[in-house]
Structures are given as C-alpha cells and as structure tokens.
C-alpha cells in the first residue's frame, strides 16, 4: 500500500504542478490512467509473478492504455476541459481536485494491492467470471467512446446529442462499462481475501459513488441540460432512456 500510494502521489503531484503553472488540463486524465498502469506494473514486478498476477496486470494495463490514450487524444482536440474553468485559476480548488484524484486511485486499487501482496492462487472459476465481466465492461466503454467521438466528428451533428448505438439503450454506457471493469477486477482478486481484506469492496463502491454522485453523471447531466434542455427530442430521450441500467436506473 505504501509504495502504491507514494507512486500515485508523485505522479499526481507532477500533474498538479503542470496544470497549475501551465494552466492546462492536458495531463489530467493521462496522469489518472498512467497512475494505474505504473502501479500495476510495479506491484506485478514485486509479486510472485504467477499467471493470475499477470492476468490482473493485463486487465488493469489494457484498461489504462485504452482510456488514457483516448482521453489524451480528446483533450488535445478539445484544447481544454470545461469542468476546470473555475478550478484552473484557483490554487486550492485545483489542488483539492488532484488530492481527490490521488485518493480515488489508491481506493480503486485496494483489491489489486491486496492481491499482489499475497501468494497468488491457481486460476479459479470466480476469476473466469470476473474476466468476463471485465471484458464486457471494457468493450462497452470502448465502443461507447468510439460511437460518441465518431458522432461528434461529423459536421452535420454539430449542436446535436447522441442517442444512437449504445447511447440509445442507456444515457451513459461508457460509465456502465467503467463500473463493470472495476467490479471485474474486484471479483478477480477475491480468492486471496481473508476476513479483513473484504474492506476492498470499497473499490467498486467508490467508482459508483464517483460516477453517479460526484464527478461523472451530475456534471454531464447539468452540461447536457444547458445545451439540449429546450429540445423536445432531448426531453423525450431523457424521459425514455435510463442513465445506467436499462429499465432500472
């Protein structure tokens, strides 16, 4: 835990200093993804290097590379992230964001940190199920991001909202994919848990809290309402399309 925390803190401190002095958002999401990648590689190299440890590392690193490269490409295209318009010039506000990001990364990685620290077990059925859940989430998030970026890249869609593909099923399929990825990682790690280790359930719970109540859906709901709220088509879309889980939420 200590090494993972130090690595995460150093990377995010670099990101904070860059963001403050350059008044730029270009490293924000990249540092987030890079932190998971670097910590996973470090922990794997210092583990028993079994097949299960390798599989866990592949899951985390594939997620980090895919998401990090996509978000880095997107921010370079957008030039800035409007979420930080109020935070960027405010030292304390910006620092608080980076502290929240640092803490979030460590919390989300708790199951993996526990897993790497123990003698890894042989591949079990629950881990096969976990990899299937992770893969489903990975594909959902990847396809949703591709569909949205492709939609927005077309001039005829300027000023319009996406309601096709996965976005016709739920309003935030990328966030559903993100949540499933980390549920998969959590379940993959459970075979090594002893009683006290089940505190690691805070990892997928924190992802849900972040995306549903803090930095994900609330911001996008407000932003979308400002952009498309007057449109009858958007009002119908919101009325008939659940946020994350079809027919439920």
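The values are calculated or read from the model by the stated rules, or taken from the named source; none is laboratory data. It should be emphasised that the depicted structure is a prediction, and the values quoted were computed from it without experimental measurement. A quick note on method: Cβ atoms are made from the backbone with ideal geometry, for glycine too, and the neighbour counts reach across all protein chains shown.
What to note about this one:
- Condition check for residue 202 on (1) under 30 Å from residue 117 (Cα atoms); (2) surrounded by fewer than 17 Cβ atoms within 10 Å (Cβ to Cβ); (3) modelled with pLDDT under 95; (4) touching a helix residue (DSSP H, G or I) at 6+ places or on another chain (Cβ under 7 Å): one failure, at (3).
- Output for region 48-71, where each listed residue is in a loop (DSSP other than H, G, I, E, B) and either free of Cβ contacts under 8 Å to residues at least 60 places away in the same chain or crowded, with 20+ Cβ neighbours inside 10 Å (or both): 49
- Out of 246, 173, 218, one residue alone is more than 30 Å from residue 121 (Cβ to Cβ), touching a residue at least 60 places away in the same chain (Cβ under 8 Å) and within 21 Å of the chain's Cα centre (by Cα). It is 246.
- Helices (runs of 4 or more DSSP H) contained in region 91-157 and holding at least 1 residues modelled with pLDDT of 95 or more, in contact with a helix residue (DSSP H, G or I) (Cβ under 8 Å, 6 or more places away or on another chain) and closer than 13 Å to residue 56 by Cα: 110-116, 125-152
- If you check 216, 177, 229 for being at pLDDT below 95, out of contact with any strand residue (DSSP E or B) (no Cβ under 7 Å at 6 or more places or on another chain) and within 30 Å of residue 106 (Cα to Cα), only one passes: 216.
- Some residue of region 2-16 being more than 20 Å from the chain's Cα centre (by Cα) and outside any helix (DSSP H, G or I): no
- Restricting attention to region 72-90 and to residues that are in contact (Cβ under 8 Å) with a residue 24 or more places away in the chain and in a helix (DSSP H, G or I), the residue that is nearest to residue 207 (Cα to Cα) turns out to be 83.
- Residue 120 being without any contact (Cβ under 8 Å) to a residue 24 or more places away in the chain and either surrounded by fewer than 16 Cβ atoms within 10 Å (Cβ to Cβ) or out of contact with any strand residue (DSSP E or B) (no Cβ under 7 Å at 6 or more places or on another chain) (or both): no
- Residue within region 39-50 that is out of contact with any helix residue (DSSP H, G or I) (no Cβ under 8 Å at 6 or more places or on another chain) and under 21 Å from residue 134 (Cβ atoms) present: yes
- Test: residue in region 172-192 that is surrounded by fewer than 16 Cβ atoms within 10 Å (Cβ to Cβ) and part of a helix (DSSP H, G or I): no
- Sole residue being more than 17 Å from the chain's Cα centre (by Cα) and more than 23 Å from residue 208 (Cβ to Cβ), chosen from 151, 146, 188, 193: 151
- Residues of region 186-197 that turn out to be out of contact with any helix residue (DSSP H, G or I) (no Cβ under 6 Å at 6 or more places or on another chain), over 9 Å from residue 127 (Cα atoms) and touching a residue at least 12 places away in the same chain (Cβ under 8 Å), as a count: 1
- Selection over region 158-171 of residues that are on the phi < 0 side of the Ramachandran plot, in contact with a helix residue (DSSP H, G or I) (Cβ under 8 Å, 6 or more places away or on another chain) and in a helix (DSSP H, G or I) gives a count of 2.
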